[in-house]
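The values are calculated or read from the model by the stated rules, or taken from the named source; none is laboratory data. Nothing here was measured: the structure is a model prediction, and the numbers come from that model. Please note: Cβ atoms are built from the backbone with ideal geometry, for glycine as well, and neighbour counts cover all protein chains shown. Please note that ligands, DNA and RNA were not included when accessible areas were found on the heavy atoms of the full protein model with its side chains. Shrake-Rupley method; radii C 1.70, N 1.55, O 1.52, S 1.80 Å.
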Amino acid sequence: MAAPAGHPQLRTGSPRQLRTPRSVAYREIRTLQRSHPDHSGAVGKLGQSRGPPDKATGRFADTSHIRPVRLQGRHVGSRGPLQIPPSEQGQPVIFMPFASGLGVEAASMYANGIIAHASSMEDAKAQRAMMRPMTVEAGREADEVKFLSFFALTVGTTLQEAVERRRVLEEAAGIEKRLAHLSAILRLRLDPADRDKPLTCAQIAALRPHPAAPQAIHALELARQGRTPHEILGHGMLDQALSLVGIAEQIADTLQEWVEAGAADGFTVVIDDLHDGMDAFVGQVVPVLRQRGLRPDDYQGTRLRNHLGLPEQLGLDPRLT
């Protein structure tokens, strides 16, 4: 569910330098997208290749229910069967990233959850709105595919405490490199010696937010508010995912806004520091979400399928075959 916050780097170089690796990566992504039906078919058929163990009789496997799958696709093949019985969950819950073209088509058919890296709430709404009718066209219910947006989180009892917490982490990551990255986003050189001084009026007037960095506009707003470069970093400006830094109520406000606006069915949260960040989220933000009716008091069931409200499934979805 959580991982340490990442630190993106802006790529620079000539168009020729950038074009070759991008084209190679594009071909690899297209190959992976085309192989989705083979992979999903293999997972489904292997899941059906044997029945569950019989706890009442103590029988591990009924040989009459074990059968080969004899699957041979273009990218994946398997004779089967599985060497172990299926889990209590049945068909594994499948998460796929939001991707264009063949990736979106495959997700509408096979995914139970979409992991999205939208750059704004409007982008997330558009992506979710694209997925839902495609899922229906594939023969499934729209709500069977949960759209999960990414957020990087830092929780504090006050906003200043949360910002200070992030500032400490930025220092540990190497403040000079982090300031150099922020300089690239704002397109103005920031002197590490002045990291705790607000930018001058002349510096603010010279800021030109990088168009390829969605967080650059927020960084500009913070600079105009008189925030120091160190404080700007403390607001999570260099996170790969959209960043929420603040008190529990502020974070809950944003999550609620996204759900009610149709921008998300749930969230994948990236915790700033796993030593105590998850405890802060569970102990401070989750209670607020429960008070607002956005989070149940307890899990309904014992499996991930139950938690996500997904229908029971073992093997391939018969609606897709």
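A residue that is within 25 Å of D239 (Cα to Cα) and not small (G, A, S) can be found somewhere in the stretch 289-301. Of the residues T302, T268, the single one that is among the β-branched types (V, I, T), modelled with pLDDT under 90 and out of contact with any Pro (no Cβ under 9 Å at 6 or more places or on another chain) is T302.
D279 meets the conditions (1) surrounded by 14 or more Cβ atoms within 10 Å (Cβ to Cβ); (2) under 22 Å from the mean Cα position of the chain (by Cα); (3) charged (D, E, K, R) in every case but one. The failed one is (1). Being at pLDDT 90 or above, within 30 Å of P311 (Cβ to Cβ), among the hydrophobic types (A, V, I, L, M, F, W, C) and surrounded by fewer than 17 Cβ atoms within 10 Å (Cβ to Cβ) holds for only one residue in V145, V136, and it is V136.
For the stretch 34-61, a residue qualifies if it is assigned to a loop (DSSP other than H, G, I, E, B) and modelled with pLDDT under 75, and the qualifying residues are Q48, S49, R50, G51, P52, P53, F60, A61. Evaluating A241 against the criteria (1) in contact with a His (Cβ under 7 Å, 6 or more places away or on another chain); (2) at pLDDT 95 or above leaves one unmet condition, (2). Of the listed requirements (1) surrounded by fewer than 18 Cβ atoms within 10 Å (Cβ to Cβ); (2) under 30 Å from the mean Cα position of the chain (by Cα); (3) within 20 Å of P318 (Cβ to Cβ); (4) not β-branched (V, I, T), N112 misses just one: (1). Inspect the stretch 171-179 for any residue being within 30 Å of P287 (Cβ to Cβ), open to solvent by 50 Å² or more (accessible area, probe 1.4 Å) and more than 22 Å from the chain's Cα centre (by Cα) and give the result as yes or no. Yes; the residues of the stretch 171-179 include at least one that is within 30 Å of P287 (Cβ to Cβ), open to solvent by 50 Å² or more (accessible area, probe 1.4 Å) and more than 22 Å from the chain's Cα centre (by Cα). If the condition is being of a type in the set (D, E, K, R) and surrounded by fewer than 22 Cβ atoms within 10 Å (Cβ to Cβ), then the stretch 260-276 contributes E260, D265, D273, D276.
The helices (runs of 4 or more DSSP H) found entirely in the stretch 200-259 that carry 2 or more residues being open to solvent by 20 Å² or more (accessible area, probe 1.4 Å) are 201-206, 216-224.
Among the residues examined, M278 does not qualify as in a loop (DSSP other than H, G, I, E, B) and under 23 Å from Q160 (Cβ atoms). Cβ separations smaller than 7 Å between residues 6+ apart or across chains give the following pairs from the stretch 247-263 residues that are free of Cβ contacts under 8 Å to residues at least 60 places away in the same chain to residues that are open to solvent by 60 Å² or more (accessible area, probe 1.4 Å): A252/R292; Q256/R292; Q256/L294; V259/L294. Out of all the residues in the stretch 54-99, which are under 31 Å from the mean Cα position of the chain (by Cα) and at positive phi? The answer is G90, and nothing else. Picking from residues in the stretch 286-321 that are of a type in the set (S, T, N, Q) and over 16 Å from V93 (Cβ atoms), the one that is most open to solvent (accessible area, probe 1.4 Å) is Q291.
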